[in-house]
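First the structure, in the form of structure tokens, and then the observations on it.
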Amino acid sequence: MLPYGRQSISQEDVEAVTAVLGTDWLTTGPAVTRFEDDLAAVCGNPAVAVTSGTAALHVAYAAAGVGPGQDVVVAPLTFVATASAAALLGARVIFADVSEDTGNLDPDAAKTALTPNTTVVSGVDYAGHPIDAEPLRALAHEAGALLLEDAAHSVGGTWHGRPVGDLADLTTLSFFPTKNFTTAEGGAVVSPAEELVAGARSFRNHGLVRDKAAQRFPDEGPWHQEVHAFGLNYRLPDLLAALGSSQLTRLAAFKDRRTEIHARYDAALAGVAEVRTPSTRDGADPAWHLYPLRVLDGRRRELFEFLRERGVGVQVNYVPAYWHPVFADLGYRRGMCPNAETYYAQQISLPLFPDLTDSDVDRVAGLVREFFGHSV
Ligand SMILES: Cc1ncc(COP(=O)(O)O)c(C=O)c1O
């Protein structure tokens, strides 16, 4: 089965990881520091490496002080973690609809969703296309809230010349194998704000305070470390960070190949009236994680099954987050974000990853054309 996404691992990646096995550090050590520096160079701001994109969201919301009595506005066309990490901290999640072209949080919908208790507005760079950052940042700040960008799909992309990582108060990344580059499992929080970076660093390591000057009981003894605020263990191991730094040297090449494949699908499917190819707004230079095709004649499921039966591992991204029973049980009702629901009903992700060959792309596009009765 041709997967919808997969990692690209080189001999240099293998050597980078095995080199760490011979050092004193397996868990968080010098390779993590280097990886964070490498990430900061890509993102334009300091980065805190963690164990997954989900951990990054949990850490970012915690650093923002999210908790009971607060509202967090979230785009629903996303993996559930964008919403569940805020809900786990006790906040109320308010879903705001997406723009019908990109599937990204619509600034007008986000504005309507604000309440006096909103502390974070969370957009998602759906498929790799950056959010409409300027109006979202402005409306969040006017409401006294922070803008969080879930950039699990989009690291390496830019918006009006600014890198993903320099568009929001908090940016979260995922390095799962299907993503733009990988550390196996892994993620990061990126922020221009010193106190948010410090909060993220603290939460990822149990909230432990080792600096004597900051301790409440510094005379306890030289071994002493103490906790001022709760946190968890979300430390990325050096083994995985070494893979990340090695992968980052090829991020630009990955992006270029993803762009080529995206354009090849666009060209091959341009004349097929039953589908809609993805939109790119002016100012966006996406690092495409997904190729989200939309089926306009109601036969998305049939196309999905047709392709799977022929060995093409298509995927659907995503069921609107509030359709998950955990949100339905809390009273969230279908119909509240019609653009996200329409997008979901039409969407199918075609395979997209750097090692996909042109002939793979042509075969997949040819099967889509065949399904709709067009010449191949
Ligand atoms: C938009 C989005 N946010 C968050 C995550 C969570 O990332 P991870 O799988 O690394 O925990 C994902 C991963 O699927 C995602 O696609």
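Only a single criterion out of (1) surrounded by 17 or more Cβ atoms within 10 Å (Cβ to Cβ); (2) at positive phi; (3) out of contact with any strand residue (DSSP E or B) (no Cβ under 8 Å at 6 or more places or on another chain) is not satisfied by F181, namely (2). Taking the criterion of being part of a loop (DSSP other than H, G, I, E, B) and surrounded by fewer than 17 Cβ atoms within 10 Å (Cβ to Cβ), the residues of segment 7-28 that qualify are I9, S10, G22, T23, D24, W25, L26, T27.
Residues in segment 73-86 that are more than 21 Å from P338 (Cβ to Cβ) and in contact with a Phe, Trp or Tyr (Cβ under 8 Å, 6 or more places away or on another chain) were compared, and the one that is farthest from the ligand (Cβ to nearest atom) is A86. Residues that are of a type in the set (F, W, Y) and either more than 14 Å from F35 (Cα to Cα) or more than 14 Å from the ligand (Cβ to nearest atom) (or both) do not occur anywhere in segment 160-175.
Candidates V189, V98: the one that is crowded, with 24+ Cβ neighbours inside 10 Å, within 15 Å of the ligand (Cβ to nearest atom) and over 15 Å from the mean Cα position of the chain (by Cα) is V98. Scanning segment 136-160 for residues that are within 14 Å of the chain's Cα centre (by Cα) and touching a residue at least 40 places away in the same chain (Cβ under 8 Å) yields L148, D150, A152, H153, S154, V155, G156, G157. Tell me, yes or no, whether segment 31-45 has at least one residue that is touching a Ser or Thr at 6+ places or on another chain (Cβ under 7 Å), over 30 Å from Y343 (Cα atoms), in a loop (DSSP other than H, G, I, E, B) and away from the ligand (no atom under 13 Å from the Cβ). The answer is yes; a qualifying residue exists.
For V124, state whether it is under 17 Å from A60 (Cα atoms) and either surrounded by fewer than 24 Cβ atoms within 10 Å (Cβ to Cβ) or touching a His at 6+ places or on another chain (Cβ under 9 Å) (or both). Answer is yes for this residue. With respect to the conditions (1) within 16 Å of the ligand (Cβ to nearest atom); (2) in a loop (DSSP other than H, G, I, E, B); (3) closer than 16 Å to R92 by Cβ, V120 lacks only one, and its number is (2).
The rows are residues; the columns are (1) aliphatic (A, V, I, L, M); (2) at pLDDT 95 or above; (3) over 22 Å from D266 (Cβ atoms); (4) surrounded by fewer than 18 Cβ atoms within 10 Å (Cβ to Cβ).
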| residue | (1), (2), (3), (4) |
| --- | --- |
| G283 | no, yes, no, yes |
| D297 | no, yes, no, yes |
| G311 | no, yes, yes, yes |
| A321 | yes, yes, yes, no |
| P338 | no, yes, yes, yes |
| L350 | yes, yes, no, no |
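The values are calculated or read from the model by the stated rules, or taken from the named source; none is laboratory data. Model, not experiment: these values are computed from the prediction. Heads up, the Cβs are rebuilt from the backbone with ideal geometry, glycines too, and the neighbour counts pull from every protein chain shown.
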